Amino acid sequence: MRSTLSKILAVATAALALTACGSSTDSGAKTLRVGTLTDAPPSIYLENGTFTGFDNELLRDIAKREGFEVQFVGTEFASLLANVANGQFDIGSSTISTTEARKKTVAFSNGYSTGFTTIITKKGAGLTALPAFAGKRLGVVQASVQDDFATKVGGAEVVRFPDYNAGFAQLKNGTLDGWVVPKDIGQKYIDQNPAVPLDFGYTVETKDTPSAFAVAKKDKDLLAKLNDGLAKAIADGTVARLHAQFFKTEPLPKELEQGGPGLPVQNPGV
């Protein structure tokens, strides 16, 4: 079941959809609307009513460098890329993996993180290999990369949710056998819920589709700004600093270390 906060944000998102993207502030800086999630720490989440997390703080830094401002709007992942493509949002910021299928809908900035996909289970379940999940119920956020991953787990029943909180609630009450999530998000939920006996059942590294910001294919100027600001943030160590702030144990990819070459993303036809 969705939290009250998520419901409020959904209503706010619907109302804000009537506002045109790319408005200007009194200071003259252009304000861009950013679609993001509310419940996926440490990457993207709400804290005391403010959108934060690694992805969103990095985007704030890039915006400052490139002369625009950002207005974050809570949304569900399943509709995020379509709403970037149709102009409801100027940018998508939600640890979005740069798959070839998604490149048909939007263009992506260069990558700012890599990670791992994991299946979280109840402690002691003994589900540590993919064949063990045949006949099991796997929860995922709808339209996520983890959704794609789960559909390829032979014999598993995939149960789709609009957000991470809803999936976690079902895992906690025992109606799911596994919860497929990015490992850093799963670790955060485990850390924040020590009374719930959970464990990592199966984990696989995902290096070929780094996370990136999404923009409409036609918005080449904004894409160039995002890449320019990201390159500067890598060069001066800002990406490394933010990564260390939000990811306490996960190593930073060498490409994103201070002065590193970055993680280039190709956008066919853009």
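Of everything in region 3-29 that is surrounded by 17 or more Cβ atoms within 10 Å (Cβ to Cβ) and not small (Gly, Ala, Ser), the residue that is modelled with the highest pLDDT is CYS21. For ILE96, the conditions (1) assigned to a strand (DSSP E or B); (2) surrounded by fewer than 17 Cβ atoms within 10 Å (Cβ to Cβ) are fulfilled apart from (2).
Looking only at residues of region 118-129 that are among the hydroxyl-bearing types (Ser, Thr, Tyr) and either crowded, with 22+ Cβ neighbours inside 10 Å or more than 20 Å from LYS152 (Cα to Cα) (or both), we find that the one that is nearest to the chain's Cα centre (by Cα) is THR118. On the given criteria, is LYS218 touching a strand residue (DSSP E or B) at 6+ places or on another chain (Cβ under 9 Å) and modelled with pLDDT of 95 or more? Here the answer is yes, as LYS218 does meet what is asked.
On inspection, VAL159 qualifies as within 14 Å of VAL180 (Cβ to Cβ) and hydrophobic (A, V, I, L, M, F, W, C). Scanning region 175-189 for residues that are modelled with pLDDT of 95 or more and either acidic (Asp, Glu) or surrounded by fewer than 19 Cβ atoms within 10 Å (Cβ to Cβ) (or both) yields THR175, ASP177. Screening the candidates GLY259, GLY229, GLY269, GLY237 for the property of being farther than 23 Å from PHE68 by Cα and modelled with pLDDT of 95 or more yields one hit, GLY259. Filtered by the rule that a residue be more than 12 Å from GLY201 (Cβ to Cβ) and modelled with pLDDT under 95, region 114-134 gives THR114, GLY115, PHE116. Take the residues in region 39-69 that are within 10 Å of the chain's Cα centre (by Cα) and hydroxyl-bearing (Ser, Thr, Tyr), then tell me which one is surrounded by the fewest Cβ atoms within 10 Å (Cβ to Cβ). Checking each candidate, the answer is TYR45.
Exactly one residue out of ASP228, ASP184 is in contact with an Asp or Glu (Cβ under 7 Å, 6 or more places away or on another chain), touching a residue at least 24 places away in the same chain (Cβ under 8 Å) and assigned by TED's automatic domain parsing to the domain that holds SER94, and it is ASP228. Here PHE72 meets each of (1) farther than 22 Å from PHE200 by Cα; (2) outside any strand (DSSP E or B) with one exception, condition (2).
Restricting region 40-94 to residues that are out of contact with any helix residue (DSSP H, G or I) (no Cβ under 6 Å at 6 or more places or on another chain) and of a type in the set (Val, Ile, Thr), the residue that is nearest to GLY237 (Cα to Cα) is THR52. Selection of helices (runs of 4 or more DSSP H) fully inside region 172-270 by the criterion of at least 2 residues being of a type in the set (S, T, N, Q) returns 183-192, 238-246.
The values are calculated or read from the model by the stated rules, or taken from the named source; none is laboratory data. Keep in mind it's a predicted model, so treat the numbers as computed, not measured. Note that we place each Cβ from the backbone using ideal geometry, even for glycine, and neighbour counts take in every protein chain shown.
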